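*Asks:* This is the structure I have questions about; it appears just below.
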Amino acid sequence: MLDNEEKFELELKRQNSVRELEQFFVTNKVDNLLEKIDEQKEKIVEEITKFAQDHYKPCKWNKDGEPINFEIKTTPLVIDNYFFKSIVPITSQEPMYNAEKLGMVFDYYCFILAEVNDKIGQFPSSLTSFCKLAGITMYTLRSYRNSSDINMRVVVEKIYDQIGDTNLTMSQLGMVNERTTIFKMKSQNEMIEKEQPKININIVEQPDIERITERLNKYKQFSTKKG
C-alpha cells in the first residue's frame, strides 16, 4: 500500500505529465511538436502492449481443461477512458488550435486508435472521442468546420470524412453494429437522409371536358377508319 506522501508524488507526477501534453500540443511551436509526439507514441505503445498482456485471458479449453484460445477481456468503455483521456485537463481553458496543430492531434488520435485495434480489439473512431482527446467540444469542432480559415475547414472536413468512412467500413465488415454505427454517424457526423422532393401540382384552369372528348372521338374515328 502506498502512503500519503507516495500518493501525493504520483498525483503530482500525473498532473505535470498532463501539463506537458497540454503545452506541447497547444502552446509550443509546430517545429517542436514532432519530436514530442514521437515520444508520446512510444509511451502509448508500451501502455497498450502491457494492457493487452494483463487482459489476455483464456476463452476456450480442450477436453483436458487446457486453454487453447485466448482473447482480450475488456470493454470499449474501458478503452475510451484509459487511452483517449484528454490531453488538456477538463477544468482548464479550452485550447484554440490552428489547422496544423489540430491535424497533428488527429494524427496522434489515429495512431492510438490503430494500436488499440491491433492489440486490444475493435474500437470504432468517433468525433466525440477525438474531441475528448483534443480537449475541445463538438461545438468547437463544428465552429472550426465553418471557420473563415480555409486550411482549418479542409482539416476538419478530412477528419469528418475519415471517421465517417472508417465507421461505414467497419459496419459493412460486421466489426461493429451497423444500426448503432449509422445512428451514431447521423448524430455526431451530422449525416441526414435525403428527403424525397415534395411536389405539389396546382391546376389553375378547369380542363375543357367537351373539347377533350371531341378530340378523342376524332382519334377513334381515324383509328377505326378502313383504308
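*Asks:* Contact list please: Cβ distance under 7 Å, first residue in the stretch 131-157 and at positive phi, second residue not small (G, A, S), pairs at least six apart or on different chains.
*Replies:* Filtered contacts from the stretch 131-157: G135/I87; G135/V88; G135/E94; G135/P95.
*Asks:* To continue, here is another question. In the stretch 101-127, how many are open to solvent by 50 Å² or more (accessible area, probe 1.4 Å), assigned to a helix (DSSP H, G or I) and at pLDDT below 90?
*Replies:* 2
*Asks:* Looking at K57, K73, K63, which one is among the basic types (K, R), surrounded by 12 or more Cβ atoms within 10 Å (Cβ to Cβ) and either without any contact (Cβ under 8 Å) to a residue 40 or more places away in the chain or touching a Lys or Arg at 6+ places or on another chain (Cβ under 9 Å) (or both)? Walk me through how you get there before you give the answer.
*Replies:* Details: K57 fails: surrounded by 12 or more Cβ atoms within 10 Å (Cβ to Cβ); K63 fails: surrounded by 12 or more Cβ atoms within 10 Å (Cβ to Cβ).
Within the list K57, K73, K63, the selection yields K73.
*Asks:* Quick check on F123: is it among the hydrophobic types (A, V, I, L, M, F, W, C) and within 20 Å of T166 (Cβ to Cβ)?
*Replies:* Numbers: among the hydrophobic types (A, V, I, L, M, F, W, C): yes; within 20 Å of T166 (Cβ to Cβ): yes.
For F123, the condition - among the hydrophobic types (A, V, I, L, M, F, W, C) and within 20 Å of T166 (Cβ to Cβ) - is met.
*Asks:* Which of the residues spanning the stretch 77-91 are surrounded by 11 or more Cβ atoms within 10 Å (Cβ to Cβ) and either of a type in the set (S, T, Y) or modelled with pLDDT under 80 (or both)? Can you show your working first?
*Replies:* Our first condition is that a residue be surrounded by 11 or more Cβ atoms within 10 Å (Cβ to Cβ); within the stretch 77-91, this holds for 78-89.
Matches in the stretch 77-91: Y82, S86, V88, P89.
*Asks:* Might you let me know whether the stretch 45-54 holds any residue that is without any contact (Cβ under 8 Å) to a residue 40 or more places away in the chain, out of contact with any Ser or Thr (no Cβ under 9 Å at 6 or more places or on another chain), open to solvent by less than 100 Å² (accessible area, probe 1.4 Å) and under 12 Å from V116 (Cα atoms)? Please lay out each step first, then the result.
*Replies:* At the first step, the residues of the stretch 45-54 found to be without any contact (Cβ under 8 Å) to a residue 40 or more places away in the chain are 46-47, 50, 53-54.
Narrowing the set further to residues that are out of contact with any Ser or Thr (no Cβ under 9 Å at 6 or more places or on another chain) leaves 46-47, 50, 53-54.
The next check asks that each one be open to solvent by less than 100 Å² (accessible area, probe 1.4 Å); those that pass are 47, 54.
Checking which are under 12 Å from V116 (Cα atoms) leaves us with 47.
For the stretch 45-54, residues without any contact (Cβ under 8 Å) to a residue 40 or more places away in the chain, out of contact with any Ser or Thr (no Cβ under 9 Å at 6 or more places or on another chain), open to solvent by less than 100 Å² (accessible area, probe 1.4 Å) and under 12 Å from V116 (Cα atoms): present.
*Asks:* Note down all Cβ pairs under 6 Å where the first residue falls in the stretch 164-175 and is within 15 Å of N117 (Cβ to Cβ) and surrounded by 13 or more Cβ atoms within 10 Å (Cβ to Cβ), the second is modelled with pLDDT under 80 and not aliphatic (A, V, I, L, M), and they're at least six residues apart or on different chains.
*Replies:* Note: pairs meeting the criteria are N167/T181; S171/E178; S171/T181; M175/Q122.
*Asks:* Continuing with the same structure: On the basis of being open to solvent by less than 50 Å² (accessible area, probe 1.4 Å) and either in contact with a Cys (Cβ under 7 Å, 6 or more places away or on another chain) or modelled with pLDDT under 90 (or both), does I136 make the cut? Working first, answer last.
*Replies:* Details: open to solvent by less than 50 Å² (accessible area, probe 1.4 Å): yes; either in contact with a Cys (Cβ under 7 Å, 6 or more places away or on another chain) or modelled with pLDDT under 90 (or both): no.
When the stated conditions are applied, I136 does not pass them.
*Asks:* If I filter the stretch 193-201 for residues that are of a type in the set (D, E, K, R), open to solvent by 60 Å² or more (accessible area, probe 1.4 Å) and modelled with pLDDT of 75 or more, do I get at least one hit? First the steps, then the outcome.
*Replies:* Looking only at the stretch 193-201, we keep the residues that are of a type in the set (D, E, K, R), and these are 193-195, 198.
Okay, now just the ones that are also open to solvent by 60 Å² or more (accessible area, probe 1.4 Å), so 193-195, 198.
Right, trim to modelled with pLDDT of 75 or more and you get none.
There is no residue in the stretch 193-201 that is of a type in the set (D, E, K, R), open to solvent by 60 Å² or more (accessible area, probe 1.4 Å) and modelled with pLDDT of 75 or more.
The values are calculated or read from the model by the stated rules, or taken from the named source; none is laboratory data. Source: prediction; values computed, not measured. Neighbour counts are summed over all protein chains in view; Cβ atoms, including those assigned to glycine, are modelled from backbone coordinates with ideal geometry. For the accessible areas, the whole protein counts, side chains as well, though only heavy atoms, and no ligand, DNA or RNA atoms are used. Shrake-Rupley method; radii C 1.70, N 1.55, O 1.52, S 1.80 Å.
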